[in-house]
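Participant: Got a structure for you, questions after.
The values are calculated or read from the model by the stated rules, or taken from the named source; none is laboratory data. Every value quoted in this text rests on a predicted model; they were computed, and no experiment measured them. Virtual Cβ from ideal backbone geometry, glycine too; neighbours counted across all protein chains shown. Ligands, DNA and RNA are stripped out before the accessible areas are found, and what is left, the full protein with its side chains, is counted by its heavy atoms. Shrake-Rupley method; radii C 1.70, N 1.55, O 1.52, S 1.80 Å.
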Amino acid sequence: GLRPALELLERCTAAVPAVLRGERPATDVLFPGGSADLVERVYKEHPVLDRFHRAAAAAVAAARPAVVLEIGAGTGATTG
């Protein structure tokens, strides 16, 4: 369950020198080609976070009818 996080960590660690020298934007490391796939996998395929996502879904389902507005700048994993 930690493979996506480890892959992202390896990618980020390898890019630190170039990012710190200003040769590469950090966003290019996290979102290669504008894709959120690497970061999404960390949030959507993580066994601990999945437990919290299920708890959030259960709380919303129990509060029906409800209007939910999720505000953030992430991957939308909780909304999913």
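Participant: Within 10 Å, at most 15 other Cβ atoms, and a DSSP state outside H, G, I, E, B define an exposed site. Report the longest part of the chain free of exposed GluC sites (Glu not before Pro).
Facilitator: Working: sites that count: E23, E45, E70.
Longest site-free region, per DSSP loop and neighbour criteria: 46-69.
Participant: Using alpha carbons only, how many degrees (0 to 90, rounded to 10) separate the axis of helix 3-20 from the longest principal axis of the chain?
Facilitator: It works out to around 40 degrees.
Participant: Here's something else I'd like to know. What trypsin sites (Lys or Arg not before Pro) does the chain have in DSSP loop regions with at most 12 other beta carbons within 10 Å? Write out the running numbers ahead of the final one.
Facilitator: Working: sites: R11, R21, R41, K44, R51, R54; in loops: R21.
Answer in residue order: R21.
Participant: Report, in degrees rounded to the nearest 10, the 0 to 90 angle that the Cα long axis of helix 47-62 makes with the longest principal axis of the chain.
Facilitator: 30
Participant: Relative to the present Cα-Cα distance, how much length would full extension add between A56 and T13 at 0.36 nm per residue of separation?
Facilitator: Numbers: separation 43, 0.36 × 43 = 15.48 nm, distance 3.20 nm.
Length gained between A56 and T13: 12.3 nm.
Participant: Shifting gears a bit: Tally up the carbon and sulfur contribution to the accessible surface of the chain as a whole percent, 1.4 Å probe, everything protein left in place. Before the final figure, lay out the partial values.
Facilitator: Numbers: 3670 of 6020 Å².
Using a 1.4 Å probe with all protein chains present, the chain comes out at 61 percent carbon and sulfur.
Participant: Same structure again: In percent, how large is the relative contact order of the chain, given Cα pairs closer than 8 Å and 6 or more residues apart?
Facilitator: Values: 46 pairs, mean separation 23.1, N = 80.
After rounding, I find 29 percent.
Participant: Turning to a different aspect of this structure: Any chance you could run the full-extension gain for F31 through L2? It's 0.36 nm times the residue separation minus the Cα-Cα distance, nm to one decimal. Don't jump to the answer; show the numbers that get you there.
Facilitator: Numbers: separation 29, 0.36 × 29 = 10.44 nm, distance 1.89 nm.
So the extension gain works out to 8.6 nm.
Participant: Oh, and also: Mind checking which of L8, A61, T79 is farthest towards the positive end of the chain's charge dipole, using Cβ charges of +1 (Lys, Arg) and -1 (Asp, Glu) about the Cα centre?
Facilitator: A61
Participant: Tell me the label-point distance for the pair T79, R24, using the 7 Å Cα-to-Cβ offset, in nm and rounded to one decimal.
Facilitator: Output for this residue pair reads 2.9 nm.
Participant: When the dipole is taken about the Cα centre of the chain, and only Lys, Arg (+1) and Asp, Glu (-1) are charged at their Cβ, what size is it in debye, to the nearest 20?
Facilitator: Here the size comes out at about 200 debye.
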